[in-house]
1. State all residues of region 285-306 that are over 15 Å from residue 153 (Cα atoms) and outside any strand (DSSP E or B); if no residue qualifies, say none.
2. From the list 60, 76, 70, which one is farther than 13 Å from residue 34 by Cα and among the charged types (D, E, K, R)?
3. For a quick check of your reading of the model, give me the residue pairs whose first member lies in region 257-275 and is under 23 Å from residue 133 (Cα atoms), whose second is at pLDDT 90 or above and among the basic types (Lys, Arg), with beta-carbon atoms closer than 8 Å and at least 6 apart or on different chains.
4. Of everything in region 312-324, what is in a loop (DSSP other than H, G, I, E, B) and surrounded by 12 or more Cβ atoms within 10 Å (Cβ to Cβ)? Give them in sequence order.
5. Could you grab me the full set of residues in region 269-278 that are out of contact with any Asp or Glu (no Cβ under 8 Å at 6 or more places or on another chain), buried (at least 20 other Cβ atoms within 10 Å of the Cβ) and not aliphatic (A, V, I, L, M)?
6. Of the conditions (1) at pLDDT 95 or above; (2) crowded, with 21+ Cβ neighbours inside 10 Å, residue 224 clears all except one; give me its number.
7. Residues in region 292-306 that are farther than 20 Å from residue 147 by Cβ and either free of Cβ contacts under 8 Å to residues at least 40 places away in the same chain or surrounded by fewer than 17 Cβ atoms within 10 Å (Cβ to Cβ) (or both): how many?
8. With the structure loaded, tell me whether residue 281 is outside any strand (DSSP E or B), in the same structural domain as residue 127 (by TED's automatic domain parsing) and either at pLDDT below 95 or crowded, with 23+ Cβ neighbours inside 10 Å (or both) or whether it fails that test.
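The values are calculated or read from the model by the stated rules, or taken from the named source; none is laboratory data. Predicted model, so just to flag it, every value in this text is computed and none were measured. When we count neighbours, we look across all protein chains shown, and the Cβ atoms used for this are built from the backbone with ideal geometry, even at glycine.
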Amino acid sequence: MTKLSILLLFLGVWLLASTHNVIGQTKAREVGVLMLVKPDRPQLQGLRDELKETGYIDGRNLRLDMRQLRSAEELRSLAKEFVKHNVHVVVTTGNVETEVAKQIIRQLPIVFMPASDPISAGFVKSFARPGTNLTGIALIRDLDSYGKQLEVFKETVPSLSKLAVLYDARANASPYAQGLGQLKKVASRLFIAIDERPIREIWEAEKAVASLSKNTVDGVFVLCSSLFGSGPEAIIARAIERKLPLFSCSWTHQGALVSFALDLYQVGRRGGWYVTRILNGAKPADLPVEVPLRYELTINLKTANAIGLEIPATVLQRADKVIR
């Protein structure tokens, strides 16, 4: 065999190996999402946009499995399906989803976006070194933040004196029960009476708001959790029908009056950053948990007009976003 023949042979083998590597690299990656929220929520759009910008395009080299679920049992079933199919990354959108993932998914990487106090919840060992198969965005609300939200609501609606508070009363939602306790302390200082409305299923929230009127309360406050993310439109519609101001979980673009919360779209973008790093070879245990610090005040003037409420000029001036 001549030197030229040998050279051509080696070149052919190299080209074959290179082609094989490219094919392997272009095989679609699978990312499964465990969520009780709707697929159109801002954090999920942020996730999609970040993945697209980093080269992972759904339907081309990425399979993004997003199915809106309605119960913990459905979450468990889908988590087992993700394990069976050995998806590359699992994304969760709240504490309930993350707890289910932690219980069932032992080996696959999990990215939460966000999770409330993930150290206390047992999701990670520390923020700097998670040390488990989970990492992501932490929603750390010291109890004072709940009081701050109520203060913002009172500034927005100065006549507020009796408030219906909807909160997640499921067994694994203890952070929200603690938030209710802090809310009641601040309410007492602001001379606001609290009408507690414990919620375990999303339909109960709509029913609770439908039972209210301006004769019974001056406003509605939703203590945010993933439970409420699965169906905010009905809650918002009932509040507007009854001319009741609604303080919400970043629902102002859907019609709630006011929110003072994280920018969920940016939370999704950062969640996508974690997913990309893991798809490229990083391990969750080595990716520090991030804590967003900036909250945005958003006012929906359309809703204010619809319920006949005049927003104080001082509140509008310091709002980060005003929907007109």
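1. Within region 285-306, 285, 286, 287, 288, 289, 291, 292, 293, 294, 302, 305, 306 qualify.
2. None of the other options fit; the residue is 60.
3. Matching pairs, first to second residue: 268/48; 272/48.
4. Answer for region 312-324, where residues must be in a loop (DSSP other than H, G, I, E, B) and surrounded by 12 or more Cβ atoms within 10 Å (Cβ to Cβ): 319, 320.
5. 274 - this is the single residue of region 269-278 that is out of contact with any Asp or Glu (no Cβ under 8 Å at 6 or more places or on another chain), buried (at least 20 other Cβ atoms within 10 Å of the Cβ) and not aliphatic (A, V, I, L, M).
6. (1)
7. 4
8. no
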